[in-house]
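Single-structure report; data block below.
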Amino acid sequence: MVFMTQFGTIPTSNAVNKMLRQLLDKLGIHRENFHFHSLRHSHIALLLAKGVDIYPISKRLGHSDIRTTMNTYAYLIDEYKGKTDDKIVNALNQL
């Protein structure tokens, strides 16, 4: 559990998303279709961009099978793989 209401209960996903949208509005951030679960994808994108291996990311997410992580975040993995491939080619060209 990440959040609790003032009554000690777990808030609904709609309530959490409403609070997130209000906070983003106060910060002047306007994103269409952004919700609390989007933060999970943003977190993974940041880890991949920093070069963190997919295995510890998968464990951090609580996935029992790395294929779940690979399938869910394939679009991010492919994007960063392309950047890594470019770095490998550049490194080999400098030999």
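The values are calculated or read from the model by the stated rules, or taken from the named source; none is laboratory data. Only a predicted model underlies this, so the values are computations on that prediction, with no experimental measurement involved. We place every Cβ from the backbone using ideal geometry, glycine too, and count neighbours over all the protein chains shown.
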Could you tell me which residue of region 69-91 is surrounded by the most Cβ atoms within 10 Å (Cβ to Cβ), considering only residues that are of a type in the set (Phe, Trp, Tyr) and part of a helix (DSSP H, G or I)?
80
Scan region 18-42 and report the pairs whose first residue is more than 21 Å from residue 2 (Cα to Cα) and whose second residue is among the charged types (D, E, K, R) and surrounded by 10 or more Cβ atoms within 10 Å (Cβ to Cβ), with Cβ atoms within less than 9 Å and a gap of 6+ or a chain change.
31/21
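For every residue, the table says whether it meets (1) within 11 Å of the chain's Cα centre (by Cα); (2) surrounded by 11 or more Cβ atoms within 10 Å (Cβ to Cβ); (3) not assigned by TED's automatic domain parsing to the domain that holds residue 83.
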| site | (1), (2), (3) |
| --- | --- |
| 32 | no, no, yes |
| 48 | yes, yes, no |
| 53 | no, no, no |
| 64 | no, no, no |
| 67 | no, no, no |
Test for residue 71: is it out of contact with any strand residue (DSSP E or B) (no Cβ under 7 Å at 6 or more places or on another chain), on the phi > 0 side of the Ramachandran plot and of a type in the set (S, T, N, Q):
no
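Looking at 64, 42, which one is at pLDDT below 90 and hydroxyl-bearing (Ser, Thr, Tyr)? Can you show your working first?
Values: 64 fails: at pLDDT below 90.
Unique residue meeting the criteria: 42.
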